[in-house]
Each structure stands twice: as C-alpha cells, then as structure tokens.
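This report concerns only the one structure given below.
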Amino acid sequence: MGLCLSVGFFFSAHQVQAQDRTGMKTSVAVDLVGEFAGNPDSEAVDQFVPRSIDLMFYAPIDHLFDGTLSVAAHQEDGAALVELHESYVGSDKLIPGLKFRLGQFFLGIGRLNRFHQHEWPFISTPIVQSRFFDDEGLIDSGLEVSYLLPLPFYLDLTLGATNGFVYGHAHDAGEKPKAPTHYLHLLSFLEFDAIDFQPGLSMLNRNAADGSKMKLVGMDLTGKIRSGKVLRFLWQSEVWQRSFTPLDGKEEISTGAYAFPQYGFDSGAEFGIRFDYLTVNTKKDATGSKVGNSETAIVPTLGYRPSEFSTWRMAYRIEKIESDDTDTIDNQVLEFQATYILGAHPAHDF
Amino acid sequence: MIFKTLVLFALLNLSSLALASIKVVTTTTNAKALVEEIAGDLVSVDSLTKGSQDPHFVEAKPSFMMKVAKCDLLVSIGLDLEIGWLPSILRGARNAKVMQGQPGSLILGEKVKPLDIPHGGVSRDQGDVHPDGNPHFMLDPVRAGELGVELGKRLSELDSTNSSQYQKRAKLFHEKMLSLSESLKKKIASSGIKEIVTHHKTLTYFLNRMDIQSIATIEPKPGVPPSASHILGLIKLTKSKATKLILIENYFEMTPALRVQKEVPGLKVQSVPVSVGGESNVNSLAQLYEAIAKSFN
C-alpha cells in the first residue's frame, strides 16, 4: 500500500487558524498507518509508516476567484516522493447556483473520491475503490462545473471533463486519449426526523490512447445521525459497475460494492464494520462456461476521535479471493492508523 | 387566445413580485427570534439550527444550502461559532449576495463588544477556544437590544420601503430589552445567589449582565468532557464556596453535574434552555431570558 498524504484545506476555527491577512490558509494532514500479518498467508508488509502527508494552501485570489494548491508526500518502494495533488482555480461567485474549478483535482464523483484519504472513516481502501479508481482516487486536470438546480428539493449536478492521459495514480505523462475523460455526478438529499441521507449517481467514460474503452456507473449513499458533537450513526456505501473493452477484445464487466455502518459513543469512541465485495461478471473459462469468482472483505474497525483534529483507529481485515478455477486466497491483516491535522481545518461537508 | 394567456401570465408574475418579501435565513433560533422582533411579518425568516441543538456542532446539510441559496439576507452569529459548518453551507449555496462582506451577510458578532477574549497565545491545547471572544452574546438582553438596532439598519438598506417600520420596531425592542434586563436583575438578586457553575461558557453574557459570577465550568476546557479529577475538583470547590446552583445548558448531559450534586449538600442542578425553541414554552428572546432567570428561584 502506497503512502499517501492528502492535504485538505480546512478552515475551522474554534481553533487558531493558520491564516494571514490575504486570507491564506494552510494545513498539514498526516496519515500514519501500520499493517501487520494476521495469518501465515497474509500480504501485510508488517510496517508502520506515514502513508501520506498533505500540505495544503487555499486563498481567495481576488473578489471573484479562489485558488487551491495541495502537495502530497508519499513513500513508494522505500523512496519518499513529493507530488502535486491538486492545483486549481475556481469560483462560486459568478453565476447564482454554479461553481467551477479549473486545474488538477480529485474528480468529483462517488463518495470516497471526493474526500482525501485521511478523512475516510476507515483505514484501508475498499476493494472496489482500489480496483476501479486506485487506492488514492482519481486525480486529473480539466474543468469541473457543479450547478445547484433551481428545484424545490436539493439536486446538484456536476459535469467534468479532464485530459484523460492517465487514469488513477501515475508517475508518467501518459498518452493522449481518443477522447477526454468525462463524467457526471448527481447528488440529492433526503431529510427525515431522525436521519438524513445523501444519495448520489455517477457515470464516467474513458477512451484511452490504446483504443480501450471504459465505462463506470455507480451509486453512493451516505446517511448520518448526529447528536451534538457525536456522530451517533454513519452509513456509507457505494456500488459500482465497470465495463472495460480492450481494442479488439471482449467486454469485461465487473461489479463491486462496499457498505460501512458505524456507531458513535459519547466518549468519542466509534465502532463500524465494512463489507467489501467485487466480482468479474463476465469471467469465463476456455470452454466459454461462466467462472464464479469474488473478492470479499470484512473489516471491523474500532476508532477514537478525541477531536476533529486527530483520529486513532484499529481494524482487522479479513479478505478472501475465491474463484472456481483457482485456490482460495485468505489474507488477514491487523491495521492501525493515527491521523492528525496541523493548522487550519475546513468546515466538514455532509 | 395566446396573447390573453401571456398577459395573464405576466400579471400573475407581477403580482407575485409585489408580494415578494425579503427572505432571511439565520444560523440560530436566537438570531431568528431577533429578526422576528424587528421585522415581524415584513420578511420571511428561517433558522438553520433548532433551539435544542448545540450550534457548535451542526451537520452541514445540503438542505441548508438550498435555504441559503435562495435567501436575501443571512444573519449569522460569527466569532467562530459556526466555523465548523457554515463555510461548507456557503460554498454549497453558491449565493454571492450573502457571502461575507456583502450587504446580504450580517454577522452579529462583528457588531458587539465580546467577552472572554483570550489573552496571550491561543492554541488547540486550550480546547475549543474562540480566539475573537465568546460567541454566546445573544443571551445578554442589552446586547440583543443593540443588535436589534443594527439589524433594523441592515433591513432598511435592503428594503427601504419598510425602513421606518424596521427602525421603529428596533427602537421599541431595544427599550423593552433594557427594561427587561433591569427587572430580571432585581429578580435574580432576590434569590441571594451570587456565584454559580455552568457546563460551558454559554451563559457568560447573561451572568455578566445580572452581576452573577461563574466560578467554574463542568468542562475543564471548552469542548472537552470532564475527567474524574476535574469532577473531584468541582466537588471541592463548590463545597468550599457553598455554591447553590449549577446551570446546565439543556443540550448537554446532566450526569457530570449530578455527580457533583451528590456530594455537595444544598446544591441544585437545573437544566436551562439557551436558545429560543429550546423548550416548548420559549418562543421569543424575552421568554428565553425569563426562563433562565426563573431557574435561580
């Protein structure tokens, strides 16, 4: 697992803000993660390392535009890498109901992809996220526009187009694709007395330089019950289906999902269990018969959050890779995590 | 036929424009109650939070973004009370006219002289300290009266047609609050209580106005839950000072205060509303101040 440091810009403030007179805010988010073998066949690295360190800057540029820059430090193959994560200019002041960003950013689709990894409610990356988007999520350069539709209920439409030279985490320039990566995200909100839900629908298309075509369709659902400082209950889930067709090849369809219910206690402790599932729907053997296969994981996670600026977690990941044509792989990993934020912290989105 | 339909449609739209009033959104019910005092039925007003909620910790719901996206005036408390959630609401609402610095944004905290401004360096090890001062000034009847005047001015700028009404109502409210403050002060003085303990520093402005001293808080630091040693310290302190009253803001747990009460003879623990709507019979700022004052007797 790579070391990823994502910096989020945050303003918050019953705390001292890292801010100067130009409105510049800075923050550093550190994500320390340990993985240790839970069974003899485990793939765990038996190491405790800083997974990522994100340094983020945010400021109004002038009366119309805001600018964001985030730089992340990772450890990959034993070497420390510092790379640009996000660098974009945007505005929410030009047209009522509309905001946009232009530059390099995490694509605004799904749920996890819209948040930096240190803000996720669990330690490891869900299988479906890892397979379809890469561990850290999709970063690319382009234009993304979001519009709050003028309706009596909440409906936010995001449309984006990015270069598409690369997909996921890459350290090279990639190749010019047949068409830019383009995507859509539709978000709504359902409010009840006891609980609120935010459902979302995402679609993404990519026609790569090698002629392969990929289509992703997904749904995300987040539910919350908050009681003052305590997030009493959290439900977070995503379901994705991917269609991948190589040039001169057959279409491969995969479906994956994760669901994470979590309960929060008054003391700041929280307990959740993540369920992961992924299957290649179109997997066939040499005779053309369908081959049953699945990757699953159950990840009970115990956390402690003394404030919004630090999180301590411990989890046990039980993964299984099963297929009719191969032996089952059993991978069990004991996970630890400590995250902390120095400097300004942003207001939280739902 | 088409012409008639178009004329009818235009007339309907014009009539709806004539009926349109300023849409005000407030972050708290106390600010909403202030708007109701100054504007009455001249504006429509909605609060993002409920009176039973701790305004420090609120979920940034997209439904709030909808409300802020459509409003003409956003009245917030400021002094970092809403810092954990309002910026997210504003980003999602994408309504340039209510962003900070615009006529459609009224931050009440910028119009008051705050208490509890920390001296020297401030850092997170002091808990959820508000570097610019205590944001619970709406619990001071006198400051609320003064803020009513400020609100009247802003509403007059946005809706000059009804300017005289806003100014008149603001003046009356200010006078009413001055008078109420004096009568509550006398009422509380008659209880003989001079010192109390609260959970958080929510009641600082009210107590300051009523000449009551807050000798300690159940929280060892703002936003930090009490430890066993802090509770023991409170027992010792309240015993030594013969403290008679602990007031708990009604969205906090009573348990730690009840632990103290168990060890201190004659100590009363009382839950109080600190926001309009925090109790079913508290529907205005005056009723709120009276409810808090009543807890002393």
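The values are calculated or read from the model by the stated rules, or taken from the named source; none is laboratory data. Here the structure is a predicted model, which is why all the values come from computation and not from measurement. Cβ atoms come from the backbone with ideal geometry, glycine included; neighbour counts cover every protein chain shown.
In contact with a helix residue (DSSP H, G or I) (Cβ under 7 Å, 6 or more places away or on another chain) and either on the phi < 0 side of the Ramachandran plot or in a helix (DSSP H, G or I) (or both): is that true of B:L172 in this structure? Show your work before the answer.
Working: in contact with a helix residue (DSSP H, G or I) (Cβ under 7 Å, 6 or more places away or on another chain): no; either on the phi < 0 side of the Ramachandran plot or in a helix (DSSP H, G or I) (or both): yes.
Answer is no for this residue.
Residues in segment A:62-105 that are among the hydrophobic types (A, V, I, L, M, F, W, C) and either within 12 Å of chain B (Cβ to nearest Cβ) or crowded, with 22+ Cβ neighbours inside 10 Å (or both): A:L64, A:A72, A:L94, A:I95, A:L98, A:F100, A:F105.
No other residue among A:G168, A:G164, A:G160 is touching a Pro at 6+ places or on another chain (Cβ under 9 Å) and without any contact (Cβ under 8 Å) to a residue 60 or more places away in the chain apart from A:G164.
Selection within segment A:184-203: residues that are in contact with a Ser or Thr (Cβ under 7 Å, 6 or more places away or on another chain) and buried (at least 20 other Cβ atoms within 10 Å of the Cβ). The member of this set that is farthest from A:H74 (Cα to Cα) is A:F189. Of B:K187, B:K236, all but one fail to be of a type in the set (D, E, K, R), touching a residue at least 60 places away in the same chain (Cβ under 8 Å) and in a helix (DSSP H, G or I); the exception is B:K187. Of all residues assigned to segment A:279-289, at least one qualifies as being surrounded by 18 or more Cβ atoms within 10 Å (Cβ to Cβ), modelled with pLDDT of 95 or more and more than 14 Å from chain B (Cβ to nearest Cβ). Annotation: of all residues in segment A:106-131 being surrounded by fewer than 23 Cβ atoms within 10 Å (Cβ to Cβ) and among the small types (G, A, S), the one that is nearest to the other protein chains (Cβ to nearest Cβ) is A:G108. Return the pair list, or none, for Cβ contacts closer than 6 Å from residues in segment B:127-141 that are more than 12 Å from chain A (Cβ to nearest Cβ) to residues that are surrounded by fewer than 24 Cβ atoms within 10 Å (Cβ to Cβ) and among the basic types (K, R), at least 6 apart or on different chains. Every condition considered, the pairs that remain are B:F137/B:R143; B:D140/B:R209. Considering (1) farther than 30 Å from A:E83 by Cα; (2) under 21 Å from the mean Cα position of the chain (by Cα), the lone condition that A:W240 does not fulfil carries the number (1). For segment A:175-209, the tally of residues that are farther than 22 Å from A:W240 by Cβ and in contact with a Leu (Cβ under 8 Å, 6 or more places away or on another chain) stands at 1. Could we say that A:V33 is under 19 Å from the mean Cα position of the chain (by Cα) and β-branched (V, I, T) here? Taking the combined requirement at face value, the residue satisfies it.
Is it the case that A:L302 is of a type in the set (A, V, I, L, M), closer than 30 Å to A:L187 by Cα, exposed (fewer than 14 other Cβ atoms within 10 Å of the Cβ) and free of Cβ contacts under 8 Å to residues at least 40 places away in the same chain?
On the way: of a type in the set (A, V, I, L, M): yes; closer than 30 Å to A:L187 by Cα: yes; exposed (fewer than 14 other Cβ atoms within 10 Å of the Cβ): yes; free of Cβ contacts under 8 Å to residues at least 40 places away in the same chain: yes.
So A:L302 fits the description; yes.
For segment A:310-326, the count of residues that are assigned to a loop (DSSP other than H, G, I, E, B), within 14 Å of another protein chain (Cβ to nearest Cβ) and more than 21 Å from the chain's Cα centre (by Cα) is zero. In the set B:K32, B:K23, B:K50, which member is farther than 25 Å from B:H130 by Cα and either assigned to a helix (DSSP H, G or I) or within 14 Å of chain A (Cβ to nearest Cβ) (or both)? Within the list B:K32, B:K23, B:K50, the selection yields B:K23.
For segment A:162-183, the tally of residues that are over 17 Å from the mean Cα position of the chain (by Cα), buried (at least 16 other Cβ atoms within 10 Å of the Cβ) and not β-branched (V, I, T) stands at 5.
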